[in-house]
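Read-outs throughout are calculated quantities, based only on the coordinates presented, and are distinct from any laboratory measurement. Fair warning: this is a prediction, and the values are worked out from it, not measured in the lab. For neighbour counting, all protein chains shown are included, and Cβ atoms are generated from backbone atoms with ideal geometry for every residue, glycine included.
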Amino acid sequence: MDWTDIIDKIGGDIIAEIDFRVDMMVLGGYHGYMANPTIDYVERLTGKQIKALWRWWTRTIVSRVYGGRINYSLIEKDKLSKLGLGGGENQDPSSYSIVIEAKDDYSIKNVLHSSDLRRIPVSHLPNTIRFMNKVRLKMGNKIRADKTSTRYAITIQGINRNEMRELILSGLGSVLDEMKFKLYLLRNGGGGDDDFSLSSLFLSLILGSVGWASNRGFGSLTPIKIDVKSYNVSEEIKNICSYLTNPPRNDEFKNKIYDLIEKNIEYVSRILNKPVAAIRNIPKVPTIGRRNENFFRLDIYNGFSDAWSTLEKIGECCLKATWKKLNGKGIRYPGGRWHTWILGLPRKASIGGNVTGYIGVDRRQSSILMKMLRYNNKISVLVVGILSEDWNIGEIKHCSVSRRRGRRCIPISNISGGSNLTQVFNEAWKKIGKCFRVGS
């Protein structure tokens with residue numbers, strides 16, 4: 001059965017076909033890893049994962065229409081189903097289907113794999129083996145990772161590939177290096193709004209990523225071609241989406257994203273019959289914004305050519321050590337005053353059995369998201385700031401250890417600027433921008 005047969009079986013009319021690529025994707029399979037070399041299995045990207053991303057960004061659009069003061073529970077309960085995305089109290093069916101076709105072979109050869117003591121033949125590895133953390137390696141017939149240094153992965157450079165027998169890593173899982181897909185957006189039955197569905201889905205692909213560490217460049221999605229089939233899609237939406245399938249060259253790319261955001265706010269307002277409310281305070285929940293609305297920001301940094309070095313740069317810009325360096329301070333300078341908790345939790349480590357970093361809130365998504373947009377050998381980093389007040393600042397504490405004082409934990413609200421969410425967000429935005437512009 002080919003893809004035409006699958007689409008015919010699902011039914012519905014094709015609104016658009018979108019070619020996109022995904023870089024450095026990490027998905028958890030049935031055994032917790034993306035790949036299993038023993039049975040030559042690779043976890044697949046599915047339409048369900050793209051639809052989850054689509055729903056998340058659509059919630060941010062709905063929140064903007066309601067002035068940032070609506071709860072996500074109400075959006076899920078009532079608003080998404082009215083927009084044709086299904087769900088709600090009655091578990092309404094969606095007006096749209098997404099079918100994903102892999103344009104490249106799902107092959108273990110495209111996967112950089114790591115799991116406890118799993119041996120990977122060299123023949124299963126891509127030509128270039130480069131990982132993030134630089135650690136010591138034990139050389140010999142086998143290359144083994146130093147198990148004490150496996151937070152993300154391992155950098156292997158200058159090694160003759162033909163001399164490697166096996167690579168043993170631990171801790172990360174698996175990374176799908178790069179792959180191209182075709183997405184079919186289908187309208188089920190006679191319902192739905194083609195302008196809204198295509199523009200909101202495309203916006204989600206531009207702004208979002210999938211899988212593990214998706215806010216730090218992994219699982220980056222890049223639309224590279226669009227073919228609109230529906231006559232109900234406006235020329236304006238066609239032109240904006242087509243423009244955004246090309247590499248960013250100047251501020252016009254960012255302006256086109258804002259144009260697409262404006263159209264989505266307009267469509268959601270019309271479909272829900274709700275005038276767009278003004279925003280006077282920090283939104284309660286993550287909310288997309290218009291130009292010059294400071295709770296939502298976009299920046300683009302060009303000039304990258306290698307995915308792994310781009311990921312290294314993204315990770316570097318999120319480190320407190322980098323922020324210290326940008327301020328002319330040494331690595332041992334006390335770091336509590338730099339509020340890196342805004343970049344997501346957990347952020348903690350253990351030193352001599354003492355937990356350091358941030359405690360009190362186990363998990364919170366970063367307010368600053370970073371992804372790659374990759375067009376052949378041209379890579380840009382898109383940075384998205386999306387500030388909301390749902391941080392539970394009063395529960396977060398910063399813990400540090402010193403020889404003189406031992407371990408002590410201080411509420412972040414008692415640390416300079418820590419109680420001012422906007423100030424913390426602004427400072428983080430400046431630090432990340434400076435890191436990308438001048439290096440670190």
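Observations on the structure shown:
- ³J(HN,Hα) computed for each position of segment 275-282 - Karplus, 6.51 cos²θ - 1.76 cosθ + 1.60, integer Hz, glycine/proline x: x, 5, 8, 6, 10, 10, 9, 4
- Hz values of 3J(HN,Hα) by residue in segment 77-82 - Karplus curve (6.51, -1.76, 1.60), Gly and Pro given as x: 5, 9, 7, 5, 5, 5
- Under-5 Å amide H pairs with D13, H placed in peptide plane, nonlocal only: R187, G189
- Pair R249, K77: separation of 7 Å Cα→Cβ label points (nm): 5.0
- Between the amide H of R216 and those of M370, distances stay under 5 Å, these residues lying 5 or more places away or on another chain, with hydrogens modeled in the peptide plane.
- Among the lysines of segment 296-438, pairs at least eight places apart or on separate chains and with Cα atoms under 15 Å apart come to 17.
- Sequence-distant lysines (8 or more away, or on other chains) whose Cα lies within less than 26 Å of K82: K9, K48, K51, K229, K238, K263, K274, K284
- In nm, spacing of pseudo-spin labels at A321 and N302 (7 Å Cα→C-beta vector): 3.2
- Site pair C409 and E235 shows an inter-label distance of 6.2 nm when each label is modelled 7 Å from Cα along Cα→Cβ.
- Each residue of segment 363-378 was assigned a 3J(HN,Hα) from its phi angle through the Karplus curve 6.51 cos²θ - 1.76 cosθ + 1.60 (θ = phi - 60°); the sequence is 8, 7, 5, 4, 7, 10, 9, 10, 9, 9, 10, 10, 10, 6, 9, 9 Hz, with glycine and proline shown as x.
- The fewest-to-most ranking of Y231, Y375, Y184 by surrounding Cβ atoms within 10 Å reads Y231, Y375, Y184.
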